[in-house]
Each structure stands twice: as structure tokens, then as C-alpha cells.
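The structure appears right after this line, and notes come after that.
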Amino acid sequence: MEILQLLIIGVSQGCVYGLIALGFVLIYKATEMVNFAQGDMMMLGAFIAFSLIEAFDWLFAFVPVLSALPGASFAFAFLGTLLVMAAFGVLLERGVLRPMIGEPPFAVLMLTIGLGFVLRAVAGAIWGNQPRALDSPFAGGTFDIGGLIIGYENVAIVAGTALLCGALYLFFRFTRIGIAMQAASQNQLAAFYVGIPVKRVFALVWAISAAIAAAAGILVAPVNLIDPLMGFIGIKAFAAAIVGGFGSLPGAIVGGLLIGIAEPFVALHLPPGLSEVSAFVILLAMLVVRPQGIFPSLQQKKV
Amino acid sequence: MRFVLKTNYAQDVNLFLHNGQRFWYGLLALAVLLAPLGLDRFYLGEFAYLYIWAIAGVGLMLLVGYTGLVSLGHAAFLAIGAYAHAWLLTQGVPFVLSVPLATAFCAVIGYLVGLPALRMTGIYLAIATLAFERIAAWVIEHWESVTGGHFGMRVPDPMVFGMSLDGPVPFYYLCLGILSLSLFAALNLLRSPTGRAFIAVRDSEVSAESMGINLARTKCTAFAISAAFTGLAGTLFSHRIGYLAPDAFTVQTSIQLLLMVVVGGLGSLQGVVYGAIFLGLLPQAIAIGRDVLPQWIGEIPGLEPGIFGAILVLFLIFEPLGIHGRWIKVRLWFDQFPLYRRATYKRQRSYLRTERVR
Amino acid sequence: MSLFEAHDLSVSFGGIKAVRDVSFTIEPGEVFSIIGPNGAGKTTIFNLVSRFYETDSGSMAFDGVDITGVPPHRIAEMGIARTFQNTELFEHETVLTNLLIAHHVHRRTSLVTDLLFLPGARRQELDFRRRVEDVIDLLDLQSYREQPIGGLPYGARKMVEIARALCLEPKLLLLDEPSSGLNPEETEDLSFWIEDIVEDLGITVAMVEHDMNLVATVSDRVMAMADGAELATGNPTEIQNHPDVLRAYLGD
């Protein structure tokens, strides 16, 4: 029973890592850029949702039909946040990252690290430093299944992740633009030659990644409070992406789950504080034993 | 514009190419040597701090700028150097022995970190070093018998042959001396086979291998040397802050170190010094800005790292060669006036320089 | 005794046999060329020799020593130097530094002597510098000496790469398509230089090449390949008129 309980906590935390890792991998696959600010984009998404919920709450007070509906402002804010963050992703790509196309990966890495600091300062300037709670319909309630306590928020995270992954799968598999994105990620020049607007594809990838990050932020908000430093879990998500095999979408989720599940078990059975670094221990072990990750996707350079 | 007539091969080997360089660097040496005469305690302390950053920067520059290996975890070496040194001092090891011992210890740790790093490139390495830094921080926090854990440990005064170096003037000269030695050693390295092997690994691993360079050994050596310099800076850093606690060394410290070498200009030792000056001046500038600007701006949490981040972004977009690169361009502009071509340093962009093959 | 011997070399990548059972020898002092249509496995053979690829089966011996399991950096120390099809130079450095890096195999100093730049290290640097100049003289690279590779024209890069390989002072020089991207004049110069390298420096040359004129001018022996297998080996005229070779190039 205890094991199951820990597993549930682990899986839901792992889904959050997985979602952020998904954002990393999407951007990396398509543009070969590494976005270290993915965690901070999650933070920004959570804050925007926070403000939008307040705004919708105020607005819906004038509309009796909507104010009677529980969670209406949350639902609108959720969608609104995804849109705002997608737009933000496009702007970021246009303004900051497009000049970096063709620069060495290290420069882009440094750039996004710097970007993360900027986002944190901006969030601090707008929303202040105190942790805030998101008014989510998933907060607080629990299912009790034969003594097994499952929080609504955990169910929401897992279900949300599954839905997002399903949607992404369908998008990449069946839509024209999704297939164009796959083509661009395999060979940009060739994609360019067959008429795929590669630059627009890049912008779209950033939009999707930013939206995924925002979704992760909203889903995790009932579990952790929102504050400008919450993006630091992005580092663990990064570890998850590499454990899964950088460049593999399912790998990102699996890596996230692996690290998420490990943490509560380590916290319970091993010396205190070790769970904070368990993600990194797993990462280092993985890099030594199987550097290509669980689902390898990259090969060596050709001479 | 100066034309250098080379008449023997030694001119390509010597540190200074011509007398002009000798003159200007001599003047600089004189200025920093005489600085304690004209500066008060506060500024001497700041200069010493700047020298410490520069020593750590030399280490990181050799790794990032010359070997092309990115480390997001160099704060760990700074911390290990500082703690090892402080611990040795509390065990009664004299200062003159403790510094080299702590440095050597860092070199060994660096070599060990380099071992798994062999199989990684670019981003993998960056994240692995970050993981190493987090784990090292955890060990420091929890190994209470040696590090004092959360409470930290006091660093004994630096004593050399019964003489305390704790005052601002002796400490200034100590840092200056060690920085000069570090720069000299790094320059020597770069004009000899070891340093050229680093450069070869940075620019093309296949080519380096076909030139007989042992990739594994070269990368590990680079890590060891880099860790040693940064650890050496750590020993001085411990005296500078006087009391070691885990929160003195964070991911942000690592990133500040990286910021220093990027803003200074990757691939040049001058860049390290420019970067250190920049890093030393920026907090002062921000402090002044806080006084001048409206209060709410000064109260933004994370303002200082935010400004660091913004500057980093701007540099990477507009001047990826850093301050040193800008200086070279300005100098060339004066040299060639009025014939300077704007396109001289125009970046050759490939559509995508890919590292992967499918 | 042959300088280099390969026996039944095979390698495959994901089910595709890139090289199958290829055997050849390279005699001291000759120019040995490998020709064949694209995808015949010529460059793969060079990559096997310089040990970038692991052989699936077969063996190689250089100077009588088996090198099938030797790590890549040891190959250079043993005296095999190579160039690359699409030039792999150290882009951010000057021609001079590129050539100096090649002297790595001759280093006698250790890390400590380098750090302190003891007199031994200085003497070694001066010695390397002088030897680099000999190669610069040989290949007429004086005007490029201080220039960064990034700004050099393609033809010059090709020559710098050959110069860099020569700085290793090898016994065997592998040239991977040395004439690709050169204009006819430069290609003609190249043929003289190859002759100089063989005759004046006493270095044995093996090359992969498409330009049949160049191959016919400088080669002593030619091996023709197709689809990873050897078709025929012999002197240039024999190979040019060999029915299998004609079929491989022109189709039936």
C-alpha cells in the first residue's frame, strides 16, 4: 500500500518533469537549440494563469450563468494561458533566438540560461517574491480507494499529460504542418528545398513548447506553490530528457517518470536530502552506463 | 599600423611580439603593483576579489574557450578548493603547503569528472557537470564533520612564515601574485603542445585524433588543469569571505563564472581579465543604479541576476566574441582608418551547423 | 616487405556491407590509388586504416606490426597521416598553429615542462617552428602563414591539410580526394607536389581520387572498387582498360 501511495506521488511528479522535458526535446529536435529556460517558461505560464483566473473571476461576476459554473474561470484561464504563452514563444523565437541560428550550440545554451534569469526577474517585478496559490478546481480534494489516498491534482496531472501527449502524437502523425515539422527536424536544408517554411516551423515549435510548459505549470501549481524560482525544477526535467535519450519524445516522458518515481522512494528510504540530488545521480549513472539514453536517437558525426 | 619584421623563430615563441607590447604590459604591471599606494581598503579588497575571479576564469577559459568543453559546474571546484584549503588549515597544515595541496586535490577531482565526460559532448557534458555540482553541493552540506554542514566553518587567517596576510595590502599582493603566476602558466600552456592539443580537440575531434592526439587524455587533462586553477581561486576565495557556508557556492556562481568568460571573450586570456573586471564592476553599477532609480525598481527580487542574464543575452546576440573581440575590432578600425571594411568580421553563417547525422 | 598490408577487410553499417573482403598491399615508395564510383567504399577503407571505424573482420598490418586493434591516435604516432575529403582543419587557428599541432606526435615535453616553459620546452618549440617552415617552403604556403583558416580559399585549405599531414613526418600519407574542389591548374600543381612528396621526402602515398588524369599521372598502381569490393588492381593503363572497371563506371 505504501509503495502504491509513493508510486502515485512519483508518477504525478514524473509527469510534470516529463512535460517540461517534452518542451526541451521538441525544441531540440526541431531546431537543435537547447532551451534552458523551459522551466522558467513553466513558471511564467503558472503566473499568467494566476492573473488570468483573477481577471476572469472579476469578469464573470457580471455574467451570472458563468459564475454559477464551477471552474469556469479556471478553464478559460487555462486556454487563455496556452494562447498567451504560445504567442510568447513565437515572440521569443523571432526576437531572441532567430539571430542565433547557425551559432554553436553552446552559445544558445548560454543565451537561454541568461533568458531564464531575465524571466525570473521579470516575474519577480510583476508578481513579487511571495509564493502564491493557484485557484484550481483540482486543489485539495482526494479520492479514497480502499485506503489509498489520491489527490485530485495528481489525477489531473496524469490525465493532462496523457491528453497532451495524445494530442501531440496525433498532431505530428496526421496534420500537414506536423509532418512538415518532422521533416524539418530531420534535415532542415532538405525541408527548406521542398518548400517547407522552416522558419515558420521553428516559430511554431517554440509556440508549442511554451504552451506545453504553461500547461505543466498550471497542472503542478496545486502541488507546489507558484513563485519566481519554481522553474528550477526545469534542471531536473533536463536530466529527465537526457535519461530518456535527448531527442526522443516518448523518452522525455519515460525519463521524467523514472526520475519522478525515484524521488519519493529515495526520500523515504535513504539519507535526508538525497532525494533532491537523486535526479542527478540517476543522470550521471545513465551517462556513464548508457550515454545515448533509454531511447537513443542521435548518431555520431560522419567524416 | 605596426608591421613586425620577424628575423628569427624565437619571435613566434616569445610571449611578447614586439616592444610596444612590452611597454604597455610593463606599464600595466607597474600600475597594479603601485595600486595599494593610491587606493583605500575597500577598493583594494575589490581588486583582490577581481583577481580571484580572474584566476577561476583562467581555469574555465582553458576548458570552455580553448578545449571547447562546457562546464556548468565550476562552482563545485571553487567550493572544493575553498573547503579543502580551510580544512587543511584547521588541521594545522601551513598555508604555503595547504594551497598547493588543495589545488592538487581539485585537479584530481577534475580528472575524475573528466573521465565520464569523455563520452559526452556539448549539451550532455554541460548538464553532467551541472549534476556533478549539485551532488558536490549536497556532499558539502551533509559532510558535517569536515565542512560544518549548514553552519559552515570559519577560515583561519592566512599565515606565511608567522606573518599574517590578512590585511588588505598583503592580501592584495597575494592575489595579484597568484593571478600573475596563473596567467603565466596558462600562456605557457597555450604556446606548447599541451595547449595546442586542447585547441585541436575544440576545433575538430576527428582531426585531432588523426594528428595523434589522445582525446581521452587531453580532455581529462583539460578538466584537471581547469579544476586546479578554479580550486586555486577557491583557496583565496575562502580567505576573502572568511566564513564558508554552502550557500556561498551555487549554480548561480557557476553561471557567473561562465558569464565572465563569455562576456570577456571566449578563446582569449585577455578576455578573462576583461570579464573579471566586468563582473567586479557590475554589482557596483547596480548598487549605484539602485540609489538613483525609483525605489520599486531596486526592490525587484532577482534584479541582479536578471541584469546579468540580460547582458549575457545581448552579448551573445550582438557581440559573441565578447569584450576582447570588440576591442580587436576597434583597434583594427583605428589601424586601418579609413579603410576598415565592416565585413572583416562578418560572421559566416551556415544555415545549420549540425552535429548529428541520421 | 610491404609497407602496409590489408587482408580481407570487411565492415558493414546496419546491414549494408560497405567494404567486403578487400585485400591490398602498399609498397614502400609508391603512389597507390583507389578509384571507383561514389559509394564504392573508398573513403571507408581510409577510415578503417585510420581506425575511425572498427573492422568487422580481416586484419591490417603497418610496417610489419598488426594495427587492427590500435587506437586511432596511435596510428598517427606509428607514421600514418591522412587528409579528409571535406577538409577538417582547426578552423579558428592560423595556418601556423594548424601545422604546429601536427607536431604533437613528436613532443618530448610533459605537462609540467609545458606549464613552466622550461628551456627544454622552448628548444622544442623552436625546433617545431623550424620544421614547420620546411613544409611551408615545400608547398609554397608562405603567404598564408599567419592567416586564420576560416578566411582561406578552398584550394589553399586543401594544401594546408596536406601540409599538416606532412608535418607529422609520416611514412604513409593517405590523401582522400585531394583534387576535389581544385581547379585544373591547382590539380596540375598537386600532381607535381605529390611527386615531390614521394621522391624528395621518401613518403609513400595512398590516395582516393576521382580525377583519372591525376591518377594516371602520378600512380604506380591503382585499385578499382565497386560496391565495397575490389574489382581489379594493376598499373593505371591496365585499370583504365579493364572490362570490369569500364562496366562499373559506364554500366553494361
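The values are calculated or read from the model by the stated rules, or taken from the named source; none is laboratory data. Remember, it's a predicted structure, so these values are computed and weren't measured experimentally. Quick reminder, even Gly has a Cβ in these numbers, built from the backbone with ideal geometry, and neighbours come from all protein chains shown.
Numerical summary
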read-out	value
Residue in the range A:130-152 that is within 14 Å of chain B (Cβ to nearest Cβ), surrounded by fewer than 17 Cβ atoms within 10 Å (Cβ to Cβ) and out of contact with any helix residue (DSSP H, G or I) (no Cβ under 8 Å at 6 or more places or on another chain) present	yes
Considering residues of the range B:298-321 that are farther than 15 Å from B:GLN256 by Cα and more than 8 Å from every other protein chain (Cβ to nearest Cβ) only, the residue surrounded by the fewest Cβ atoms within 10 Å (Cβ to Cβ)	B:PHE318
Criterion violated by C:ALA102 - all others in (1) at pLDDT 90 or above; (2) away from chain B (no Cβ under 11 Å) satisfied	(2)
Helices (runs of 4 or more DSSP H) wholly inside the range B:39-127 containing at least 1 residues that are closer than 23 Å to C:PHE90 by Cα and within 14 Å of chain A (Cβ to nearest Cβ)	B:41-61, B:95-117
Residue match in the range C:112-125 (condition: crowded, with 17+ Cβ neighbours inside 10 Å, small (Gly, Ala, Ser) and over 18 Å from C:ILE197 (Cα atoms))	yes
The range B:123-167: number of residues that are of a type in the set (Gly, Ala, Ser) and either in contact (Cβ under 8 Å) with a residue 60 or more places away in the chain or surrounded by 15 or more Cβ atoms within 10 Å (Cβ to Cβ) (or both)	8
Flag for B:ARG154 being among the basic types (Lys, Arg) and within 28 Å of A:LEU109 (Cβ to Cβ)	no
Tally, over the range C:74-93, of residues that are buried (at least 22 other Cβ atoms within 10 Å of the Cβ), within 7 Å of another protein chain (Cβ to nearest Cβ) and either of a type in the set (Val, Ile, Thr) or assigned to a helix (DSSP H, G or I) (or both)	1
Sole exception among (1) aliphatic (A, V, I, L, M); (2) surrounded by 15 or more Cβ atoms within 10 Å (Cβ to Cβ); (3) touching a residue at least 60 places away in the same chain (Cβ under 8 Å); (4) farther than 21 Å from A:PHE246 by Cβ for B:VAL96, by number	(2)
Options B:LEU50, B:LEU44: the member that is touching a residue at least 60 places away in the same chain (Cβ under 8 Å), in contact with a Phe, Trp or Tyr (Cβ under 8 Å, 6 or more places away or on another chain) and surrounded by 13 or more Cβ atoms within 10 Å (Cβ to Cβ)	B:LEU44
Subset of the range A:17-26 that is in contact with a Leu (Cβ under 9 Å, 6 or more places away or on another chain) and closer than 25 Å to A:TRP127 by Cβ - its residue that is nearest to the other protein chains (Cβ to nearest Cβ)	A:TYR17
Only listed residue being closer than 19 Å to A:ALA203 by Cα, away from chain B (no Cβ under 14 Å), small (Gly, Ala, Ser) and exposed (fewer than 15 other Cβ atoms within 10 Å of the Cβ), chosen from A:ALA68, A:ALA87, A:ALA61, A:ALA55	A:ALA87
Top-ranked residue of the range A:268-293 - restricted to ones that are touching a residue at least 12 places away in the same chain (Cβ under 8 Å) and among the small types (Gly, Ala, Ser), ranked as surrounded by the most Cβ atoms within 10 Å (Cβ to Cβ)	A:ALA279
Condition check for A:PRO104: modelled with pLDDT under 85 and within 14 Å of chain B (Cβ to nearest Cβ)	yes
Helices (runs of 4 or more DSSP H) contained in the range B:147-210 and holding at least 1 residues more than 14 Å from chain C (Cβ to nearest Cβ) and out of contact with any helix residue (DSSP H, G or I) (no Cβ under 7 Å at 6 or more places or on another chain)	B:168-190
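Residue-by-condition table, conditions (1) crowded, with 22+ Cβ neighbours inside 10 Å; (2) at pLDDT 95 or above; (3) outside any loop (DSSP other than H, G, I, E, B); (4) touching a Ser or Thr at 6+ places or on another chain (Cβ under 7 Å):
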site: C:ASP8; (1), (2), (3), (4): no, no, yes, yes
site: C:SER12; (1), (2), (3), (4): no, no, yes, no
site: C:ALA18; (1), (2), (3), (4): no, no, yes, yes
site: C:ASP21; (1), (2), (3), (4): no, no, yes, yes
site: C:ASN47; (1), (2), (3), (4): yes, no, yes, no
site: C:PHE52; (1), (2), (3), (4): no, no, no, no
